[in-house]
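Beneath this line is the structure, given in structure tokens, with notes to follow.
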Amino acid sequence: MIDFRYHLVSIVSVFLALAVGIVLGAGPLKGQLGDTINKEVTTLRADKADLNTQLSAARQATAARDDYDAATLKTVLVARLAGQRVDLVLLPGADAGLARTTRATLAEAGATGGDTVNIDSSWTSTDATDVAKRDALATTLAGTLALSANQDDTVPLLDRVLAAALKPGTPDPQKSRTQALRQLADAGLLTLDTAEPVEPDAVVVLGAPVSGDTQAAAQDDAKGLAQIAAALDRSSLATVVASNEGVSTPPTGSVGVVATVRASTSLSRGVSTVDDVGVPMGQATVALAILEQATGASGQYGLGSDASAVFPVIAGITGK
């Protein structure tokens, strides 16, 4: 009986409180509550209008900055990469328009041509059949390129084969590299824009957000693609990995290749990265990063929180 009375009193108290609230809200407090709510709504509307004005001004300032950067790009970069051949390696999902823009920027900097290599998503496929085929082909091509097939190497053999095909060290480099690249293309692992590739002086690797069935799968895929840059850097090619990670918001659950390179101490020591390649400033940074790479230095540039600087400081161009 005590428990029943306790619950009965509790229920009655709740209903009494509700009744009092209704009476007060409809009576003495009605005007006060209405006025308070109206004032809050008015304040929120004013704040929203102010924020929209600030956002519009920020967008105009950003557009003006980008227009200025684009207009002065040629002046800043003129002849900086004169005589150098720069290849583009496009990772799965890389934007074709961005690749064309980057190629144009490199030309403005004086780079003379360069081939384009499109990496297929099968390059990092975890399917057992795909893995077996890749491993067998990599072993065969390692022999063609006089490359050690040491399986204990931290950089996968397939990535080292690609790097050696782009910058060979065999007695008959042109024939060997062309043969290796064609076999990689025939296997569906990549596509080439030319039948007779020419050895480059530098490589720009253009990346895109990497997605997977799980976050862990995406991270593994991004790490696998980052190893391409590791192999290129080891082959003494000036290597810059670029994306738009620092400017655009990537899809939920995706992983950036630039961020993956930066998270690796061994990779970031030799490979340069640019995370704002989608804007003129980032385009200029790619060319300047190649120039810096030629001196044996590297850096992590852009607008992302993990960048070490916005752009390289190079004597006579961007700093003392």
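The values are calculated or read from the model by the stated rules, or taken from the named source; none is laboratory data. Remember, predicted model here, so these are calculated numbers, not experimental data. Glycine also receives a Cβ, built like all others from the backbone with ideal geometry; neighbour counts cover every protein chain displayed. The area values use the complete protein model at the heavy-atom level, side chains included, leaving out ligands, DNA and RNA. Shrake-Rupley method; radii C 1.70, N 1.55, O 1.52, S 1.80 Å.
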What residues qualify as long-range amide H neighbours of Val241, i.e. H under 5 Å apart, gap of 5 or more or another chain, H built at 1.01 Å from N?
Val205, Ser272, Thr273, Val274
With DNA, RNA and ligands ignored, accessible area of Ser122 (1.4 Å probe; Å², nearest 10):
30
With all protein chains present and a 1.4 Å probe, how do Ile37, Ile314 order by accessible area, largest first?
Ile37, Ile314
Need one word for the stretch 175-320: rounded, prolate or oblate. Basis is the Cα gyration tensor (sqrt eigenvalues a ≥ b ≥ c); a/c below 1.5 gives rounded, then a/b vs b/c decides.
oblate
I'd like the Karplus ³J(HN,Hα) series for the stretch 203-212: coefficients 6.51, -1.76, 1.60, θ = phi - 60°, whole numbers in Hz, and an x wherever there's a Gly or Pro.
9, 10, 9, 9, x, 8, x, 9, 10, x
Karplus-derived 3J(HN,Hα), 6.51/-1.76/1.60, for each residue of the stretch 290-302, Hz, glycine and proline x
5, 4, 5, 4, 5, 8, x, 9, 8, x, 10, 10, x
May I ask you to compute the full-extension gain from Lys133 to Ser266, defined as 0.36 nm times their residue separation minus their alpha-carbon distance, rounded to one decimal in nm?
45.0 nm
Quick calc, Leu44 & Ser121: beta-carbon distance into FRET formula, R0 56 Å, rounding 0.05, result 0.75
To the nearest 0.05, how large is the calculated FRET efficiency for Ala104 and Ala149 if R₀ is 51 Å and r is the Cβ-Cβ distance?
0.85
I'd like to check one number: the per residue accessible area of the stretch 187-310, probe 1.4 Å, reported in Å² as a whole number.
38
Evaluate the charge dipole of the stretch 118-163 about its Cα centre and quote only its size in Debye, nearest 20, assuming +1 on the Cβ of each Lys and Arg and -1 on the Cβ of each Asp and Glu.
140
Around Thr112, what is the net charge, scoring Lys/Arg as +1 and Asp/Glu as -1 over all other residues with Cβ under 15 Å from its Cβ?
-2
In the stretch 212-320 the accessible area split gives carbon plus sulfur, as whole percent at 1.4 Å, a share of 52
I need the phi-derived Karplus couplings for the stretch 269-279: 6.51 cos²θ - 1.76 cosθ + 1.60, θ = phi - 60°, integer Hz, Gly and Pro marked x.
5, x, 9, 8, 10, 9, 9, 10, 5, x, 10
Using the crude model of +1 on Lys and Arg Cβ and -1 on Asp and Glu Cβ, and no other charge, please compute the dipole size for the stretch 111-210 relative to its Cα centre, in debye to 20.
140
How big is the accessible area of Asp127 in square angstrom, nearest 10, if you roll a 1.4 angstrom probe over the protein chains?
80
